[in-house]
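The values are calculated or read from the model by the stated rules, or taken from the named source; none is laboratory data. Bear in mind that the values here come from a model prediction, so they are computed numbers and not experimental data. So basically every Cβ, Gly included, is an ideal-geometry build from the backbone, and we count neighbours across all protein chains shown. Remember, those area values only see protein heavy atoms, side chains included, never the ligands or the DNA or RNA. Shrake-Rupley method; radii C 1.70, N 1.55, O 1.52, S 1.80 Å.
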Amino acid sequence: MAKQLTTRVAIVGSGPAGLLLGQLLFNAGIDNVIVERRPLARVLARIRAGVLEESTVRVLEAAGVADRLHREGLVHEGIEIAVAGARRRIDFKRLTGKKVVVYGQTEVTKDLVAARANAGLPILDEAQDVLPVDLESDRPKVLFRRHGESFELVCEIVAGCDGFHGVCRSRIPAERLKTFERIYPFGWLGILAHARPVSEELIYAYSERGFALFSMRSPTVSRLYVQCDPNDTPQAWTDERVYDELAARIGPEIAARLERAPSVEKSVTQMRSFVAEPMRFGRLVLAGDAAHIVPPTGAKGLNLAVADVALLAPALVAFLKENDPRPLDAYSSKALARVWKAERFSWWMTSLLHKFPEGDPFRDRLQRAELDYLFDSEAMQKVLAENYVGLPLPV
Ligand code: FAS
Ligand code: PHB
């Protein structure tokens, strides 16, 4: 016999989307429970995104979790694009009046988990066989097993914040769901190293050997990526090979600054663009990677998850506290309008900066022309800048 629990919003997944939604709903006086498949320690250890849009910072401030971000985050007013050793700075401040903050997703997750603990709110981690049911009724449930016991979490809304490999999206009947996908013929091999970054700002490098990204987490921690075969494993890349490829793809001036410190984390990220429409089915709503994936080139994944939640939280407040269904009815179409713009930008940045397999010389020439045009045209630099710093949030 399953043990019955009740709440107003059952949130599936304790990544940034689920945690932020839980915090905003709590702040609005709406009870919620997070059900998470992994041990919380594993969630807290994940190394993922690194760049926050200004609007993301505003939402985290509104949630009351931005104090450490403001103390430790690095404000960046531009990035550099490098091509065959030449570099061009994209000046966000001058072109858009905006900036970004470099603050790891790992830290955002820690801040949100700490706020949730302070509020005494549950994260039911290590939940197995999680299954949202009765989604077209006004009392949907999330069934799950935890520490040997079966549970039935009765609620009014199920928020599917369970990422690309979660269960919630699959609970929408196939005939009601449209998906769009593009898989890229490469991946990213990323390392984290306790080494001074090679530059004050991020450098995105195109080279005939492949893409490289020189990012960071702090003035003493570098986050470095090289384009790799999509089937590569971290074991296929010794630290020496990573540093050799980084040096070969950026040119001698920056390469000379590479401190070849041992990696403390090494992983391969697959590259795909994916969108599921709609982001709602009955009392189930999707937010973040559960509904869409972007290649990380445009630093949009985490920021899109935050933008979804910034739209979803007030819509749930209107529905649950003011009995006004209109914002929730508009959620999916409004969120998707911005998602597709970020999908376009992430696809464009990825297509611009990565070395594609041989076999399409016309495409290769177009790519070089696009890079040259970016280097020479302020209009093109402004297009990149306004998308990178983040388009306005939907209201
Ligand atoms: P998440 O995937 O973060 O969280 C989903 C949560 O749901 C997880 O904790 C998972 O354990 C849980 N879950 C899954 N199935 C469940 C189930 N059945 N029941 C209960 N819980 C379940 N973005 C960038 O901008 N830059 C980057 O460099 C970058 N690198 C990335 C590297 C990797 C390996 C991955 C996977 C993603 C990366 N991203 C990056 C994108 C990433 O930051 C996401 O956009 C962000 O984590 C989205 O947050 P959520 O939507 O909360 O999904
Ligand atoms: C990172 O620091 O992890 C990072 C930064 C920018 C990106 C992708 C990843 O576009």
Once normalised by the length of the chain, the mean sequence separation of its alpha carbon contacts under 8 Å that are 6 or more apart gives a contact order in percent of 20
Starting from the amide H of Leu153, placed 1.01 Å from N in the peptide plane, find each other amide H under 5 Å away whose residue is 5 or more places distant or on another chain.
-> Leu5, Val142, Leu143, Phe144
Taking the alpha carbon gyration tensor of region 46-89, what are the square roots of 5 times its eigenvalues, largest first, to the nearest whole Å?
-> 28, 12, 9
Distances over 20 Å make up what percent of all Cα-Cα pairs in region 244-306?
-> 54
Once phi is turned into θ = phi - 60°, what whole-Hz ³J(HN,Hα) does the Karplus curve with 6.51, -1.76 and 1.60 give for every residue of region 9-25, x standing for Gly and Pro?
-> 10, 8, 9, 9, x, 10, x, x, 5, x, 5, 5, 4, x, 5, 5, 5
Global size of region 66-222 as Cα Rg and Dmax, reported in angstrom = 21.8, 60
Once you treat every alpha carbon in region 130-199 as an equal point and sum by Debye, what is log10 I(q)/I(0) at q = 0.12, 0.22, 0.23, 0.28 Å⁻¹?
-> -0.57, -1.05, -1.11, -1.35
So how compact is region 278-328: Cα radius of gyration and Dmax in angstrom?
-> 12.5, 41
For region 4-74 and region 98-162, write down the distance between their C-alpha centroids in whole Å.
-> 9
Hz values of 3J(HN,Hα) by residue in region 167-180 - Karplus curve (6.51, -1.76, 1.60), Gly and Pro given as x | 9, 5, 4, 6, 8, 8, x, 3, 6, 9, 10, 10, 10, 10
Long-range share for region 254-395, i.e. C-alpha pairs more than 26 Å apart as a percent of all pairs, stands at 43
Taking placed amide H atoms and a strict 5 Å upper bound, the residues 5 or more places from Val221 or on another chain that come that close are Ala195
How big is the Cα convex hull of the chain in projection, averaged over all directions, in nm²?
-> 19.7
To the nearest 10 degrees, the tilt of helix 361-376 (Cα long axis) against the first principal axis of the alpha carbons of the chain is 90
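To check you understand DSSP bridge types, tell me what percent of the beta bridges within region 1-101 (both residues inside) are antiparallel, rounded to 5.
Restricted to region 1-101, the bridges split so that about 70 percent are antiparallel.
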Expressed in square angstrom to the nearest 10, the accessible area of Ser199 with a 1.4 Å probe stands at 30
Under the 7 Å Cα-to-Cβ spin-label approximation, Ser150 and Asp364 lie apart by a distance in nanometres of 6.0
